[in-house]
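Undergrad: First the structure, then my questions, so here it is.
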């Protein structure tokens, strides 16, 4: 994220409170310690005067005025652990004094051993003691321990917060699913500026390091029966293009993985598009080409209701998997170079896709069913293995109901109770009635049990342990799961929290880059490559 975006992110990161090294450093580096600080290759030595949470003040040597240094600017901080060794001259002087004392002792002892003593005893004792003292003192002075320095863990390399922010700036972050167009259709806001609502806008995307959020072109299932799905999809695509036109240099549509990389180098956020629900195809493969030409680069074959392409995981089956037309759709998507998305479809439809598709597939916003047993919107272990065997990627959904069984049971128990209440009262559901019902539900059952950042990390760990680092990514569902996002991941500014958590769990930088976007870009590029092999023209 070069240019102005990187500068803005750096300013936002450094504005946050420091994590507080001083609590640990105060024992390692008490006030008055001799310290050595390196900043941008320039080294300064002096005494520590004051230690704050995010910085220190030191009195540099050479009579320079005290200087305050922020930990975030420090490349290397060292503290002296021993006093400077004595010089040879000091040691010899000590030897002479020691020799004189030795001579005096020699004279006293000699005098006690004889009646009269010897006038030569003192001189002889001083000579022998002094010579020995000089030799010993000189040797001690020459071999005395020199000043040693201990490196203390501060600076960007050691601060997990800054390390995560740096990686958020340098990595290409691709989020496979954001419902921004659907949100803006309900209530328009200019997302090139800070917005009051939602989980996405340009300033927050910059703060989080987001480079390529897939804009979900979502059409509700009921529009298929009304014959309005294609019209709605085109309206939402128009909206995405309009966002780009309104904010040149900030946003750019991306039609390939290489375009995402190019936009990243130029400092623009890519807005690739994926279609959530295949209903807009309206049974005509020509519409598939139409949407490809308009920028759609993946299609989620169905949504919460079965359609003319595939059965939904949340509805009664119509086809026991893919419809005959659905099989044609998958083959044509392979030919065009459009990714097939298996989120939302039934298990049977998933297995049909895996059999028909010759290209890797994605699950754009799903998680492991292991954490929500029996819930079909997430994927079973067998499905994740099959997807990985085909070279695909599971993109972890951030919605709490995807992450924990507790949140899942609460959300869908409340939803079912609300629908029953509306039916019994003969009322049409509205946002106001739902909000009123949810408030009463919380009073009786307690507040919604939000998942945490650790729950997201647990799902990433699980997929990595199951099929390896190359088959997991992020599909947050920002602006699509309402107020169910986990603590610590509430909007697009919070990707550095995820990165920090991955660092703390032992992932290396190269592995994290794959999770953040490298894996999805690889699949996208492979789907394009297979298209070119099948149709070089």
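Undergrad: For the stretch 168-217, take the convex hull of the Cα atoms, compute a quarter of its surface area, and give me that in nm², please.
TA: Taking a quarter of the hull surface, the average projection is 3.3 nm².
Undergrad: Let me ask something additional. For the stretch 418-443 and the stretch 191-217, what is the centre-to-centre distance using only Cα atoms, to the nearest Å?
TA: 31
Undergrad: Moving on. If you find the alpha carbon centre of the stretch 249-319 and of the stretch 220-234, how far apart are they in angstrom?
TA: 15
Undergrad: Test of understanding: what is the full-extension gain from residue 188 to residue 509, defined as 0.36 nm times their sequence separation minus their Cα-Cα distance? Don't jump to the answer; show the numbers that get you there.
TA: Numbers: separation 321, 0.36 × 321 = 115.56 nm, distance 3.78 nm.
This chain segment gains 111.8 nm when fully extended.
Undergrad: In nm, to one decimal, how far is the residue 197 label point from the residue 316 one, both placed 7 Å along Cα→Cβ?
TA: 3.5
Undergrad: Neighbouring Cβ atoms within 10 Å as the yardstick, rank 448, 251, 214 fewest first.
TA: Working: 448 19, 251 24, 214 27.
Least crowded to most crowded, the residues run 448, 251, 214.
Undergrad: Something else about it: What is the distance in Å between the Cα centres of the stretch 505-526 and the stretch 351-410?
TA: 18
Undergrad: Another one. At a 10 Å Cβ-Cβ cut-off, how would you order 504, 431, fewest neighbours first?
TA: Working: 504 12, 431 8.
Ordered by Cβ neighbours within 10 Å, fewest first: 431, 504.
Undergrad: Restricting things to alpha carbons, tell me how big the stretch 206-361 is in terms of Rg and Dmax, in Å.
TA: Looking at the stretch 206-361, its Cα Rg and Dmax stand at 15.8, 47 Å.
Undergrad: Moving to a separate point now. Using 0.36 nm per residue of separation minus the Cα-Cα distance, give me the extension gain between residue 259 and residue 33 in nm, one decimal.
TA: Stretched fully, the residue 259-residue 33 segment lengthens by 76.0 nm.
Undergrad: Which length gain, in nm to one decimal place, applies between residue 64 and residue 439 when the Cα-Cα distance is subtracted from 0.36 nm times their residue separation?
TA: 128.7 nm
Undergrad: Separation between the residue 242 and residue 151 pseudo-spin-labels, each 7 Å from Cα along Cα→Cβ, expressed in nm?
TA: 5.5
Undergrad: Would you please state the base-10 log of I(q)/I(0) at q = 0.22 1/Å for the stretch 405-448, with intensities from the Debye formula using one equal scatterer on every alpha carbon?
TA: -0.72
Undergrad: Set the Förster radius R0 to 30 Å, insert the Cβ-Cβ distance between residue 454 and residue 381 as r into 1/(1 + (r/R0)^6), and round the FRET efficiency to 0.05.
TA: E between residue 454 and residue 381, to the nearest 0.05, is 0.90.
Undergrad: Here's another thing I want to ask about it. How far apart, in nanometres, would the label points at residue 40 and residue 428 be if each is projected 7 angstrom from Cα along the Cα-to-Cβ direction?
TA: So the label points at residue 40 and residue 428 sit 6.5 nm apart.
Coordinate-derived values only; no laboratory data. If you're wondering where the values come from, they're calculated on a predicted model, not measured in any experiment. Please note: Cβ atoms are built from the backbone with ideal geometry, for glycine as well, and neighbour counts cover all protein chains shown.
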